[in-house]
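J.: Here it is, the structure, as structure tokens.
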Amino acid sequence: MKTGRLLCLAACGAATAVALPVTHAQNYPNRPIRIIAQFTPGTSTDILARVIGGKLTETWGQQVVVDNRPGAGGVVGTELGAKAAPDGYTLTMAVSSAFGINPTLYAKLPYDAIRDFAPITNIALTPQTLVAYPAYAAKSVKEFVALAKGKPGQVNYASLGSGSTSHLTMEMFRSAAGIRLNHIPYKGSPAAHAELFSGQIPIMFDAIPAVLPHVRSGRLRGLGIGTLKRSPFLPDVPTIAESGYAGFEAVGWIGIAAPARTPAPILDKLNAEIVRIINTAEMRERLATLAFTPVGDTREQFARFIKAEIAKWGKAVKESGAKAE
């Protein structure tokens with residue numbers, strides 16, 4: 001009799017343990033959500049966080065706040081996200097620099113991109129673009145390489161910060177072209193672009209969404225795209241591959257993740273809603289206007305993608321000799 005009661009209590013306890021996360025997910029969200037963006041306002045990461053956050057606010061009636069935490073190529077914000085409570089109320093932008101590059105670029109990180117996070121979905125791709133000050137002597141990739149070879153180690157280039165996708169993309173290109181350059185890191189696109197607009201820094205790689213309006217307005221000159229085919233957003237700008245570096249490809253990505261141990265029902269709810277938003281005609285049109293290539297995959301697909309990207313960028317880090325500064 002006593003044994004039967006104990007078994008009954010154990011069964012009831014197990015059922016309650018299963019029911020609690022489900023109930024919690026059904027009530028989620030019942031207060032504001034924070035999305036950590038590892039780069040400054042105006043960067044591709046920030047733009048996409050605000051676009052998705054705004055739509056989640058409309059859908060759920062709870063405010064979604066973007067918390068910009070730039071620094072160290074995304075390390076500062078990503079560490080903060082890794083240490084957040086696993087309750088679905090702090091999300092982190094899962095960007096190629098912080099999740100795909102940093103694990104091999106840094107000898108030691110205060111977070112583990114695989115162990116400390118639960119991927120939700122990959123939102124969009126952001127091909128890297130080589131842009132320059134309009135009056136810069138180099139008007140093409142070929143001319144840039146020739147100029148850099150004539151002044152080894154004297155040509156400065158900007159990036160969104162040490163360890164950022166823009167930094168490593170230039171390091172990959174520098175290695176492929178056999179040139180020496182001087183890296184000047186900035187905290188985000190706006191600060192770096194301001195230096196390019198004035199001619200203080202001549203050149204950099206940055207994501208298409210961040211540079212598109214400036215290339216179209218003439219404030220920046222597009223020299224090359226890091227995709228194997230020309231981009232529909234900048235069709236007149238040749239690819240790096242067709243400019244003499246066959247196979248060169250550098251495409252960033254921006255997804256979203258939660259801290260590890262966040263209940264699966266909450267992760268599933270976030271994935272379902274964000275993917276739904278991405279696949280609406282309104283959002284696809286808006287993303288195209290902003291020059292993002294939408295994705296919207298499953299949690300499992302995004303987890304596998306991140307692991308594959310760590311391996312891919314790790315090879316690039318090793319071959320280029322790039323190191324976090």
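J.: Any chance you could give the angle, 0 to 90 degrees and rounded to 10, that helix 141-150 forms with the longest Cα principal axis of the chain?
T.: Approximately 70 degrees, to the nearest ten.
J.: Each residue of the stretch 287-294 in order: what ³J(HN,Hα) in whole Hz does its phi give by Karplus 6.51 cos²θ - 1.76 cosθ + 1.60, θ = phi - 60°, with x for Gly and Pro?
T.: My calculation for the stretch 287-294 gives 5, 5, 4, 8, 6, 9, 9, x Hz in order.
J.: Still on this structure: Over the stretch 46-173, what is the relative contact order in percent, taking alpha-carbon pairs closer than 8 angstrom and at least six residues apart?
T.: About 25 percent, as a whole number.
J.: Test of the criteria: in the stretch 186-248, which trypsin sites (Lys or Arg not before Pro) are in a DSSP loop and have at most 12 other Cβ atoms within 10 angstrom of their Cβ?
T.: The qualifying sites are LYS229.
J.: With a 1.4 Å probe and every protein chain left in place, work out the accessible area per residue of the chain in Å², rounded to a whole number.
T.: Dividing the accessible area of the chain by its residue count gives 43 Å².
J.: Starting at the first residue of the stretch 37-42, write each ³J(HN,Hα) from the Karplus equation 6.51 cos²θ - 1.76 cosθ + 1.60 with θ = phi - 60°, in whole Hz, x for Gly and Pro.
T.: Each residue of the stretch 37-42 in turn: 10, 7, 10, 5, x, x Hz.
J.: Could you tell me the relative contact order of the chain? Use alpha-carbon pairs under 8 Å, at least six residues apart, and round to a whole percent.
T.: The normalised contact order for the chain reaches 26 percent.
J.: Moving on to the next point. Go ahead and estimate [θ] at 222 nm for the chain from helices alone: -39,500 (n - 2.57) per DSSP H run with n ≥ 4, summed, over the residue count, rounded to 500.
T.: Only helices count here, giving -14000 deg cm²/dmol.
J.: If packing is taken as the average count of other Cβ atoms within 10 Å, what order do 279-288, 39-48 fall into, highest mean first?
T.: My ranking of the peptides, most packed first, is 39-48, 279-288.
J.: Sorting check: for 117-124, 269-276, which peptide has the highest mean count of neighbouring beta carbons within 10 Å, and how do the rest follow?
T.: Ranking the peptides 117-124, 269-276 by packing returns 117-124, 269-276.
J.: Still on this model: Quick one: compute the contact order of the stretch 117-275, relative version, from alpha carbon pairs under 8 angstrom and 6+ residues apart, as a percent.
T.: Normalised by residue count, the contact order of the stretch 117-275 is 38 percent.
J.: Full extension from LEU228 to ALA308: what is 0.36 nm times the residue separation minus their Cα-Cα distance, to one decimal in nm?
T.: Length difference between fully extended and current span is 26.9 nm.
J.: From the Cα trace of the stretch 192-286, what convex hull volume per residue do you get, rounded to a whole Å³?
T.: Given the Cα convex hull of the stretch 192-286, per-residue volume reads 155 Å³.
J.: Over 19 Å between C-alpha atoms is what I'm after, so list which of LYS108/LYS318; LYS187/LYS315; LYS139/LYS312; LYS139/LYS315 land there.
T.: From the list (LYS108/LYS318; LYS187/LYS315; LYS139/LYS312; LYS139/LYS315), the Cα-Cα distance tops 19 Å for LYS187/LYS315; LYS139/LYS312; LYS139/LYS315.
J.: Something else about it: Residues in the stretch 104-128 near a label at LYS83, defined as backbone nitrogen under 14 Å from the 7 Å Cα→Cβ point?
T.: 109-112
J.: Find the centroid of the Cα atoms in the stretch 65-81 and in the stretch 114-158, then give the distance between the two in whole Å.
T.: Comparing the Cα centres of the stretch 65-81 and the stretch 114-158, I get a distance of 22 Å.
J.: Suppose we look only past 37 Å in the calculated P(r) of the chain. What percent of the Cα-Cα pairs does that tail hold?
T.: Summing the P(r) tail past 37 Å for the chain gives 21 percent.
J.: I've got another one for you. May I ask you to list the chymotrypsin sites (Phe, Trp or Tyr not before Pro) in the stretch 277-325 that are in a DSSP loop and have at most 15 other Cβ atoms within 10 Å of their Cβ?
T.: none
J.: Here's another thing I want to ask about it. Quick one: angle between helix 44-60 and the longest Cα principal axis of the chain, in degrees between 0 and 90, rounded to 10, please.
T.: 30 degrees
J.: Could you give the angle, 0 to 90 degrees to the nearest 10, between helix 299-320's Cα long axis and the longest principal axis of the Cα atoms of the chain?
T.: Compared with the principal axis, the helix lies near 30 degrees.
J.: Now for a different question. Over the residues of the stretch 91-235, compute the C-alpha Rg and express it relative to 2.2 N^0.38 Å.
T.: Ratio of Cα Rg to 2.2 N^0.38 Å: 1.08.
J.: On a full-extension model of 0.36 nm per residue, what is the gain between ALA281 and ARG180, subtracting their alpha-carbon distance, rounded to one decimal in nm?
T.: 31.8 nm
The values are calculated or read from the model by the stated rules, or taken from the named source; none is laboratory data. Remember, predicted model here, so these are calculated numbers, not experimental data. With ideal geometry, Cβ positions are generated from the backbone for all residues, glycine too; neighbour counts draw on all protein chains shown. Each accessible area value is taken on the protein alone, full model and side chains, heavy atoms only, with ligands, DNA and RNA left out. Shrake-Rupley method; radii C 1.70, N 1.55, O 1.52, S 1.80 Å.
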